[in-house]
1. Among residues belonging to segment 229-239 that are open to solvent by 60 Å² or more (accessible area, probe 1.4 Å) and at pLDDT 85 or above, point out the one that is nearest to R150 (Cα to Cα).
2. Kindly indicate whether A216 is more than 60 Å from the chain's Cα centre (by Cα), part of a strand (DSSP E or B) and more than 22 Å from V145 (Cβ to Cβ).
3. Quick check on my filter: what residues within segment 169-193 are in a loop (DSSP other than H, G, I, E, B) and either more than 13 Å from S233 (Cβ to Cβ) or open to solvent by 100 Å² or more (accessible area, probe 1.4 Å) (or both)?
4. Can you tell me which of E114, E80 is out of contact with any Gly (no Cβ under 6 Å at 6 or more places or on another chain) and at pLDDT 80 or above?
5. More than 27 Å from the chain's Cα centre (by Cα), at pLDDT 85 or above and not in a helix (DSSP H, G or I), is that true of V165?
Amino acid sequence: MAEQEKERLEEEKEPEDVCGEPNPADGVQDDSPQNDNSGGGNSLDDDSHESNPDEEETDREEEAEDTASRAGDGSMTWAEKKAAKKQAKQEKKADAYKEKIDQLEDRVKRQMAEFENFRKRTEREKQAMFETGAKSVIEKILPVVDNFERGLATVPEEKREDPFVDGMNRVYKQLLTELDNLGVKPIEAVGCEFDPNLHNAVMQVESEEYESGVIAQELQKGYTYRDTVVRHSMVAVVE
């Protein structure tokens with residue numbers, strides 16, 4: 001009985017031992033999920049560790065591409081800078097040429113203006129010299145005209161048809177015609193109001209015919225040459 005009880009107890013202990021001891025199959029099955037889980041975790045970790053080098057490699061490639069791109073951009077920027085520098089140099093040279101051209105144009109304009117002023121001044125001086133010379137000649141001719149007038153005024157009325165007197169009168173008229181063609185004009189005096197710019201009053205007279213300040217008598221005829229007085233009229237003015 002004791003033996004049977006002992007065997008029974010041993011049999012009862014065997015399931016506990018079986019349950020207590022790890023079953024190899026069960027262990028495989030139990031370990032497999034654990035291994036799977038742990039393995040899966042390790043694989044994710046490993047993947048994460050392995051993915052970091054890839055990402056770093058990708059980052060390095062992107063950085064290399066960026067560097068190349070920046071290098072390319074740098075080369076383009078250098079080319080643009082070179083082109084801009086060249087263009088600036090050309091513009092500076094063009095500005096220098098333009099400034100030089102402007103200076104030359106200004107110099108030419110000044111020289112042309114100076115030449116034009118010189119030409120006008122020369123013309124005026126030439127004209128003034130001509131007028132001065134003509135005026136001087138006219139001043140020397142006017143006494144001859146005065147002598148013709150005085151000589152013809154002394155001829156008696158009955159001898160005015162004399163050929164000599166007629167010839168002298170014709171010469172006198174021709175001389176006056178040529179002087180008139182040159183621009184020499186006699187100054188009106190008798191009956192005109194006294195003008196100090198044209199007349200030279202040498203005496204005052206009483207007159208019932210003319211008012212005061214009016215020329216009553218012309219003692220010597222005056223002449224103008226191109227609106228310039230060559231000789232003033234010598235006159236007598238009414239008081």
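The values are calculated or read from the model by the stated rules, or taken from the named source; none is laboratory data. Treat the numbers as computed from the prediction; the structure is a model and nothing was measured. Methodologically, a virtual Cβ is constructed for each residue, glycine included, from the backbone with ideal geometry; neighbour enumeration extends over all protein chains shown. Accessible surface areas use protein heavy atoms only, side chains included; no ligands, DNA or RNA. Shrake-Rupley method; radii C 1.70, N 1.55, O 1.52, S 1.80 Å.
1. M234
2. Working: more than 60 Å from the chain's Cα centre (by Cα): yes; part of a strand (DSSP E or B): yes; more than 22 Å from V145 (Cβ to Cβ): yes.
Against the criterion (more than 60 Å from the chain's Cα centre (by Cα), part of a strand (DSSP E or B) and more than 22 Å from V145 (Cβ to Cβ)), A216 qualifies.
3. The first filter runs over segment 169-193 and keeps only residues in a loop (DSSP other than H, G, I, E, B), leaving 183, 187-192.
Listed by number, the residues that qualify are G183, E188.
4. E114
5. Considered against the rule, which asks whether it is more than 27 Å from the chain's Cα centre (by Cα), at pLDDT 85 or above and not in a helix (DSSP H, G or I), V165 comes out as no.
Per-residue answers, yes or no, for (1) closer than 23 Å to N181 by Cα; (2) assigned to a helix (DSSP H, G or I); (3) touching a residue at least 40 places away in the same chain (Cβ under 8 Å); (4) of a type in the set (F, W, Y):
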site: I101; (1), (2), (3), (4): no, yes, no, no
site: D106; (1), (2), (3), (4): no, yes, no, no
site: A113; (1), (2), (3), (4): no, yes, no, no
site: M129; (1), (2), (3), (4): yes, yes, no, no
site: A134; (1), (2), (3), (4): yes, yes, yes, no
site: V137; (1), (2), (3), (4): yes, yes, no, no
site: F148; (1), (2), (3), (4): yes, yes, no, yes
site: V155; (1), (2), (3), (4): no, no, no, no
